[in-house]
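Rule-based calculations on the coordinates, nothing more; no lab input. Not measured: the values here are computed from a predicted model. Cβ sites come from the backbone with ideal geometry, for glycine too, and all protein chains shown count toward neighbours.
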Amino acid sequence: MNYHGQAVYPMSDLITARELVGRRIQLKLLRENQFQIPCYAANLMGVIKSNGDVMACELRDDKLGNIREFDYDFRKLWLGERAKAISKDIIANKCFCTHECFMSTNILFNPRLYPRLVGEVAKLKAARAIGRLKSPRRLKTSDVGVPTPRVQKSES
Ligand code: SF4
């Protein structure tokens, strides 16, 4: 995979490494249609809908609760029994999908993936050191294959 990444700010290599590891996991998941890594939805992340319903993610129907029922005390809802049960169910039943945002957190908070992240960071740094990895630059028309307008000369 050739990815120039965002080599312009501190920690950018880690972000690029996370994206590379994530793409490989997503690809494997799609090819095998199988669980790859645990999901920390309803534990480290979740979704609040406009009506106050709090969900583990956008893809599951089981609701942790509605923030109104908890007198707008999010902590109480998030640390409640129902949230714990849903979080446990997600892990125990090896829920899986390719949800990009959740995948990012699932990678960054999974110590088992740290060797892979460190490996990708090392490869990015090595590639840059030997000059194969160029700094990001502005795209030119020729990069994206848009034809340059030409004025046709008249033959008369
Ligand atoms: S694996 Fe996907 S569907 Fe399952 S809880 Fe996580 S984000 Fe939701």
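May I ask you to sort Cys95, Cys101 by Cβ crowding, counting other Cβ atoms within 10 Å and putting the fewest first? Display every interim value, and only then the final one.
Details: Cys95 19, Cys101 12.
The fewest-first ordering by Cβ neighbours comes to Cys101, Cys95.
Can you return the aspartates and glutamates within cross-link range of Lys84? Criterion is Cα-Cα under 14 Å, with same-chain partners fewer than 8 residues away left out.
Excluding near neighbours in sequence, the set is Asp62.
Arranged by the count of other C-beta atoms within 10 angstrom, fewest first, what order do Thr98, Thr16 take? Walk me through the numbers before you get to the answer.
Working: Thr98 14, Thr16 19.
In order of increasing Cβ crowding within 10 Å: Thr98, Thr16.
Please tell me which of these pairs span more than 26 angstrom C-alpha to C-alpha: Lys28/Lys76; Lys28/Lys63; Lys49/Lys94; Lys94/Lys125?
Numbers: Lys28/Lys76 37 Å; Lys28/Lys63 29 Å; Lys49/Lys94 24 Å; Lys94/Lys125 34 Å.
Pairs exceeding the cut-off: Lys28/Lys76; Lys28/Lys63; Lys94/Lys125.
Could you line up Glu120, Glu81 from fewest to most neighbouring Cβ atoms inside 10 Å? Mind dumping the intermediate values first?
On the way: Glu120 22, Glu81 8.
Placing the least packed residue first, the sequence is Glu81, Glu120.
Calculate the spin-label point distance for Ala127 paired with Tyr72, positioning each point 7 Å from the Cα along the beta-carbon direction, and give it in nanometres.
Each label point is offset 7 Å from its Cα along the Cβ direction, giving 4.8 nm.
Of Ala42, Tyr72, Cys95, whose Cα points farthest to the positive end of the dipole of the range 1-108 (charges on the beta-carbon: +1 Lys, Arg; -1 Asp, Glu; origin at the Cα centre)?
Result: Cys95, furthest along the dipole toward the positive end.
At what distance in angstrom do the alpha carbon centres of the range 20-34 and the range 94-131 lie from each other?
12
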